[in-house]
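Colleague: Dropping a structure here in structure tokens format, bear with me for questions.
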């Protein structure tokens, strides 16, 4: 009989020894070793306290599902023990199941209404509910920094709650702090690589960085982990559509089908309701296509929208500068190239573009002799000569009514000055290089350089 009692006592004694080892590991922060020791205790003698202790260690490792299973096992063995219900509440909170956490605390209070620990947990749960609701209300008004602060306060009460961390990450992303949001999601994934919500949030951050293929992979993994994750399913479908439209646009552009390419890029934009790096690339692609189609003002607008999505997008800045030069918006072009140089001071190509834009700005403030003769800047000598004849005949003072004579004389003189410069190869070269008109013609002689425009006209039409 004594031998039988001793045999029964041995498992309990061994379990108690293993539990004490587990407690020592737990206090030292060695939670995995603690779990191993508590598991040995359970193997010897599966008592409720050992499940509860192991649940505590699981919580410290953010393994909330395992913690919840152990807490529920402890409750099933000793349903009247308040602290087991509180342990379950903490596991629920870690899983983001705050309604279940609150019910677990209510069960603890039903067992002991005077439990200070249960009262504190109930206070915490109530505050977390309040902070979550306040954050939702603030998000409706796009007050995302307020949302982030509210999540900070919630996390002070439940610092291990992954769902709160991920909620904060979503608000950070909406506040334009996508890098911080991604770090938070990645921290959760380091503890649980298949955490569906963390995979979803990191997928959103990857979209912000323009890494859509990686984002797709994250949404797929999120659905593998939780097939009912609706937001991941919607995002997966949306991103697939955007990627497909962009790829079709690029293929059409390479084949020279510009209208089709533009339509595809615009289709991709219609499915993309965000303002991120990838959206900026889509706007830039539209700008490139529109510039090829000589729809310059629209192309400039697309570059501006690209920069609104990504203010560090140098390619869009340079393209807009180029297009503004083409559109004779010289001051704005100088501003764009100046911004590019400030972003990358050592880039000689950007500096060269800035010098060119400044030269064009300087030239734009002089008389535009090409415009006066209605010829292109690359017009041939014969083109310039024909244009002069046509313009001179049109505005010759002898060919207009008396009341228009003064105005015609001024115009006739300007046309003569233009021809005097553009018909002289050396003067034309200096004019094209942006030199001042006085310098080209010699100081004190004025733009015409002392040329008798009437004599020039007579010579042109002589014989």
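The values are calculated or read from the model by the stated rules, or taken from the named source; none is laboratory data. Not measured: the values here are computed from a predicted model. As a convention, Cβ positions derive from the backbone with ideal geometry for all residues, glycine included, and neighbour counts pool all protein chains shown.
Yes/no matrix, rows are residues, columns are (1) in contact with a strand residue (DSSP E or B) (Cβ under 7 Å, 6 or more places away or on another chain); (2) in a loop (DSSP other than H, G, I, E, B); (3) surrounded by fewer than 21 Cβ atoms within 10 Å (Cβ to Cβ):
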position: 167; (1), (2), (3): no, no, no
position: 176; (1), (2), (3): no, yes, yes
position: 193; (1), (2), (3): no, yes, yes
position: 216; (1), (2), (3): no, no, yes
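Colleague: Can you name the number of the only condition in (1) modelled with pLDDT under 80; (2) in contact with a helix residue (DSSP H, G or I) (Cβ under 8 Å, 6 or more places away or on another chain) that residue 413 fails?
Modeller: Condition (1) is where residue 413 drops out.
Listed here are the residues, each with its yes/no results for (1) in contact (Cβ under 8 Å) with a residue 60 or more places away in the chain; (2) under 30 Å from residue 263 (Cβ atoms); (3) under 26 Å from the mean Cα position of the chain (by Cα).
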residue: 279; (1), (2), (3): no, yes, yes
residue: 317; (1), (2), (3): no, yes, yes
residue: 321; (1), (2), (3): no, yes, yes
residue: 324; (1), (2), (3): no, yes, yes
residue: 337; (1), (2), (3): no, no, yes
residue: 353; (1), (2), (3): no, no, no
residue: 356; (1), (2), (3): no, no, no
residue: 366; (1), (2), (3): yes, no, no
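Colleague: With 62, 86, 68 as the choices, which residue is in contact (Cβ under 8 Å) with a residue 40 or more places away in the chain and either in contact with a helix residue (DSSP H, G or I) (Cβ under 7 Å, 6 or more places away or on another chain) or under 18 Å from residue 107 (Cβ atoms) (or both)? Working first, answer last.
Modeller: On the way: 86 fails: in contact (Cβ under 8 Å) with a residue 40 or more places away in the chain; 68 fails: in contact (Cβ under 8 Å) with a residue 40 or more places away in the chain.
Checking each option against the conditions leaves just 62.
Colleague: Considering every residue within segment 282-294, establish whether at least one is at pLDDT 95 or above and outside any helix (DSSP H, G or I).
Modeller: The answer is yes; a qualifying residue exists.
Colleague: Yes or no: residue 252 part of a helix (DSSP H, G or I), crowded, with 16+ Cβ neighbours inside 10 Å, touching a residue at least 12 places away in the same chain (Cβ under 8 Å) and over 22 Å from the mean Cα position of the chain (by Cα)?
Modeller: Details: part of a helix (DSSP H, G or I): yes; crowded, with 16+ Cβ neighbours inside 10 Å: yes; touching a residue at least 12 places away in the same chain (Cβ under 8 Å): yes; over 22 Å from the mean Cα position of the chain (by Cα): yes.
Answer is yes for this residue.
Colleague: All but one of (1) within 19 Å of residue 159 (Cα to Cα); (2) not in a loop (DSSP other than H, G, I, E, B) hold for residue 29; state the number of the condition that does not hold.
Modeller: Every condition holds for residue 29 apart from (2).
Colleague: Here is a further query. So which of 183, 202, 231 is modelled with pLDDT of 95 or more, under 30 Å from residue 313 (Cβ atoms) and buried (at least 17 other Cβ atoms within 10 Å of the Cβ)? Steps first, answer last, please.
Modeller: Working: 183 fails: buried (at least 17 other Cβ atoms within 10 Å of the Cβ); 231 fails: buried (at least 17 other Cβ atoms within 10 Å of the Cβ).
Matching residue, one of 183, 202, 231: 202.
Colleague: Then there's this: Condition check: under 29 Å from residue 357 (Cα atoms), in contact with a helix residue (DSSP H, G or I) (Cβ under 7 Å, 6 or more places away or on another chain), modelled with pLDDT under 80 and assigned to a helix (DSSP H, G or I). Does residue 384 satisfy that?
Modeller: Values: under 29 Å from residue 357 (Cα atoms): yes; in contact with a helix residue (DSSP H, G or I) (Cβ under 7 Å, 6 or more places away or on another chain): yes; modelled with pLDDT under 80: no; assigned to a helix (DSSP H, G or I): yes.
Against the criterion (under 29 Å from residue 357 (Cα atoms), in contact with a helix residue (DSSP H, G or I) (Cβ under 7 Å, 6 or more places away or on another chain), modelled with pLDDT under 80 and assigned to a helix (DSSP H, G or I)), residue 384 does not qualify.
Colleague: May I pose another question? Going through segment 366-383 one residue at a time, which ones are farther than 14 Å from residue 415 by Cα and buried (at least 16 other Cβ atoms within 10 Å of the Cβ)?
Modeller: Selection gives 379 alone.
Colleague: Right, another one. Return the total of residues in segment 295-315 being over 29 Å from residue 177 (Cβ atoms), free of Cβ contacts under 8 Å to residues at least 24 places away in the same chain and in a helix (DSSP H, G or I). Steps first, please.
Modeller: At the first step, the residues of segment 295-315 found to be over 29 Å from residue 177 (Cβ atoms) are 295-300.
In the following step, the residues that additionally are free of Cβ contacts under 8 Å to residues at least 24 places away in the same chain were identified as 295, 298.
Among the residues that remain, those that are also in a helix (DSSP H, G or I) are: 298.
Qualifying residue count, segment 295-315: 1.
Colleague: Right, something else. Residue 182 - would you say it is farther than 21 Å from residue 61 by Cα and part of a helix (DSSP H, G or I)?
Modeller: Working: farther than 21 Å from residue 61 by Cα: no; part of a helix (DSSP H, G or I): yes.
Considered against the rule, which asks whether it is farther than 21 Å from residue 61 by Cα and part of a helix (DSSP H, G or I), residue 182 comes out as no.
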